[in-house]
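Read through the structure below, which is laid out as structure tokens, and then see the notes.
The values are calculated or read from the model by the stated rules, or taken from the named source; none is laboratory data. Just so we're clear, the structure is a prediction, and the values are computed from it rather than from any experiment. As a convention, Cβ positions derive from the backbone with ideal geometry for all residues, glycine included, and neighbour counts pool all protein chains shown. For the accessible areas, the whole protein counts, side chains as well, though only heavy atoms, and no ligand, DNA or RNA atoms are used. Shrake-Rupley method; radii C 1.70, N 1.55, O 1.52, S 1.80 Å.
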Amino acid sequence: MSDSQESTANQTLYEKLGGEAAVNAAVDIFYRKVLADYRINRFFDNSDMEKQAAKQKAFLTMAFGGPNNYNGTDMRNAHARLVKMGLNSSHFDAVMEHLGATLIELSVPQELIAQAAAIAESTRNDVLGK
Amino acid sequence: MRSITIGESTFSCQPDETVLETLLRENVQIPNGCRQGLCQACLMRSLDNSPPVSAQAGLKDTLQKQNYFLACVCHPEQDMTIALPNQRGASIEACVIRKQLLTPDIVHLVLEYQTQFNFFAGQFVNLKRPDGLTRSYSIANIPQHENILEFHIRRLPNGQFSSWVYDELEVGTLLTVSEAQGSCHYLPGREEQPLMLVGTGSGLAPLYGIIADALAQNHSGPIHLFHGSRDLNGLYFIDEMRELAAEFDNFHYTACLSGEDIESGHVRGRAHDIALSSIETLSGWRVFLCGHPEMVNQTKRMAFMKGASMGDIYTDAFHVLQVEK
Ligand SMILES: Cc1cc2nc3c(=O)[nH]c(=O)nc-3n(C[C@H](O)[C@H](O)[C@H](O)COP(=O)(O)OP(=O)(O)OC[C@H]3O[C@@H](n4cnc5c(N)ncnc54)[C@H](O)[C@@H]3O)c2cc1C
Ligand code: HEM
Ligand code: FES
């Protein structure tokens, strides 16, 4: 999935966004937004915030087109428990909102935000177990 | 080819293999998830050499310092002896040399050891008494020349270990002490960073050690300690803390009592509420939270929401075994 994000300038989206440093900068901002959002925060059990934050890092790395070993089945499995809890498209939209807002806060150019959003969007059916 | 020793077994790591791949190939069960150094499920610890820096990316600084690493992204640069986080190293024996009441509920216990022992103030050890009963207690002093470990132990009504310490343990008794554990401690660097420390009851023990450590290492940023308890029996070291605040301009101390109808000169309210409401934003702060598990978890979340970065929040929740009724 990430391989197809090669840009014209020979630089991947991940590189353009700033790689691992960008993910590190984004993760606290993104996770704070998610925890503050009453629509979805019940899915993010915060008994171990450290582990949760690490998983959000995995999410962002993937959305940024970075190196990852997740396939569709992994995404299904990772979210199956949440689908049982009632995860649906409106929750997915909320996460997309926070992803966009996080990148805006980090002054990422609009066109790169659109590319990251497209990667995240492409996982919708797997995440929602459809 | 590098060799990897875990427990009694030694395996050889093929070129291009990660530590995780080697162990899984040899049918050693190691938790794992992302296999790309993100989820931290495969956290392990090197017992001899420092692991490759690249295998420590993203780990809390205190864990890096203790040679923790992620097996799924670790290509060994030399032979390694490793352990899972819950596999413990060697224990030592230590002798009780002092026992003293700090409040009617809290005992100050001082142990002396003879063998080499490494620790950071604020880490905890498991104390084992001669019949095997074991509990965790935090180290309240900084490593010095005199080979001692100090603890603040709160007596729980009918608590097996704490009541025994309180009622029966005598000077001269030998206790078994596990290696020091936990990542809630001070590290030098970033000396100007403001520190917020919140502890309830004997949660002051690790914080006391952390503060002593920070001051000994010339931490120059403001250090704000909030110590809380329901009643006066949980507050101690009040004079020591006030003296420390008089000696160091950057150290600030607030004692808080949350119980009702207590006459005292202390601030009324829960320590974490007072702490969080007195600080505008925690962006850029380093935060230490110790003591009651509920307080620790709640405050961790609030501190994060108030701007503290996840990597800058260090916690020690004093989980007590829940006895089935
Ligand atoms: C990492 C870590 C560090 C720790 N550091 C310290 C420390 O520095 N100082 C310290 O004093 N403790 C510390 N503790 C707690 C300590 O390990 C023991 O759990 C505690 O002393 C109780 O052990 P016990 O054998 O006396 O009680 P147990 O025999 O284990 O019994 C505890 C019983 O008390 C009940 N109980 C729980 N809380 C209360 C309460 N507030 N009032 C009445 N009853 C209650 C429980 O339901 C349980 O039945 C730490 C714990 C951890 C995990
Ligand atoms: C937008 C597309 C999404 C992508 C690409 C994505 C990606 C990921 C990834 C990579 C992980 C880590 C899996 C692991 O290694 O364990 C994960 C975990 C998680 N995701 Fe998502 N996710 C998406 C949407 C969502 C949504 C909409 C929610 C809920 C509102 C959500 C909630 C979670 C939670 C709670 C976890 C942790 C699960 C656990 O505790 O094991 N995700 N996600
Ligand atoms: S398996 Fe996720 S960090 Fe190693």
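Could you give the length gained on full extension between B:Gln116 and B:Asn49, defined as 0.36 nm per residue of separation minus the Cα-Cα distance, in nm?
22.3 nm
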* Say R0 is 45 Å: what FRET efficiency, to the nearest 0.05, do B:Gln100 and B:Ser220 get from their beta-carbon distance? -> 0.85
* To do: Using a 1.4 angstrom probe on heavy atoms only, work out the carbon and sulfur share of the accessible area of the range B:92-177 in %.
  => 47 percent
* Qualifying lysines (Cα of each under 29 Å from Cα of B:Lys99; at least 8 residues distant if same chain) -> B:Lys128
* Going highest first, how would you order B:17-28, B:64-75 by mean Cβ packing within 10 Å? -> B:64-75, B:17-28
* To do: Please work out the Cα center distance from the range B:1-55 to the range B:67-141, rounded to the nearest Å.
  => 24 Å
* With springs only between Cα atoms under 10 Å, which of B:Ile82, B:Ile223, B:Ile211 fluctuates most in a Gaussian network model of chain B? -> B:Ile82
* Take every Cα-Cα distance within chain B, group them into 20 Å bins from 0 onward, and report for each bin the whole-number percent of pairs it holds. => 29, 55, 15, 0
* Asked: Helix-derived [θ] at 222 nm for chain B: sum -39500 (n - 2.57) over DSSP H runs of at least 4, divide by residue count, nearest 500?
  -> -5500 deg cm²/dmol
* Asked: Simple spin-label model, 7 Å along Cα-to-Cβ: B:Lys65 to B:Gln36 in nm?
  -> 3.1 nm
* Helix B:238-247 versus the longest principal axis of chain B: what angle, 0 to 90°, nearest 10, using Cα atoms? -> 80 degrees
* To do: Please report, as a whole percent, how much of the solvent-accessible surface of chain A comes from carbon and sulfur atoms (probe radius 1.4 Å).
  => 52 percent
* **Selected from B:Cys95, B:Cys34, B:Cys290 as most flexible by GNM, with chain B as the system and alpha-carbon contacts under 10 Å** => B:Cys34
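Counting pairs of Cα atoms in the protein assembly as shown, how many percent are more than 32 Å apart?
Cα-Cα pairs of the protein assembly as shown separated by over 32 Å account for 47 percent.
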* Using a/c under 1.5 as the rounded threshold, could you call the range B:1-87 rounded, prolate or oblate? The axes a ≥ b ≥ c are square roots of the C-alpha gyration tensor eigenvalues, and prolate needs a/b larger than b/c, oblate otherwise. => rounded
* Asked: Can you pull the mean other chain C-beta count within 10 Å for peptide B:291-303?
  -> 1
* Asked: Taking springs between alpha-carbon atoms closer than 10 angstrom, which of A:Asn71, A:Asn24, A:Asn88 fluctuates most in the Gaussian network model of chain A?
  -> A:Asn71
